[in-house]
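The values are calculated or read from the model by the stated rules, or taken from the named source; none is laboratory data. All figures in this text were calculated on a predicted structure; none of them were measured in a lab. FYI the Cβ positions are ideal-geometry reconstructions off the backbone, even for glycines, and counts take in every protein chain you see.
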Amino acid sequence: MVASTEIISYDIKTQNQKIIDDYFEARKTETNLANSTQVVINNTLNRLSKYINKSFIDISRNDLVSFLNTLRKNETDDPNHKWRYIQSLFDDNRHNFQMALLSKNRT
């Protein structure tokens, strides 16, 4: 027997993946994202989905800030501050992603 929380979690992941896929389709018509950038963004959005465990449509600013703080690493673990690349990339694409969410809510 499958627990209802597992079904809800699966539905959220499926819904969020559809939103991620739609986002990339929209971005392909606007810009030519490098494959490596697309992989990083996709992985980060999937990590966000798993972290918040709710629909992207219901995401709050606090959810996003909390997630971004998980990307932060201390000086010992990351002396070159590579974590900032992912956070910066996510920040740069956040506006486009939010616009994709808004258009998704209108349809």
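Residue-wise test of (1) surrounded by fewer than 17 Cβ atoms within 10 Å (Cβ to Cβ); (2) closer than 19 Å to S88 by Cβ; (3) out of contact with any strand residue (DSSP E or B) (no Cβ under 8 Å at 6 or more places or on another chain); (4) of a type in the set (A, V, I, L, M).
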site	(1), (2), (3), (4)
I12	no, no, yes, yes
K28	yes, no, yes, no
L45	no, yes, yes, yes
I52	no, no, yes, yes
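I'm checking my understanding of the structure. Among residues of the range 38-52 that are within 17 Å of R72 (Cα to Cα) and among the aliphatic types (A, V, I, L, M), which one is nearest to the chain's Cα centre (by Cα)?
That would be L45.
Could you check the range 1-36 and list, in sequence order, the residues that are polar (S, T, N, Q) and either modelled with pLDDT under 80 or not in a helix (DSSP H, G or I) (or both)?
If we filter the range 1-36 for residues that are polar (S, T, N, Q), which is where we start, we get 4-5, 9, 14-17, 29, 31-32, 35-36.
Scanning the range 1-36 gives S4, T5, S9, T29, T31, N32.
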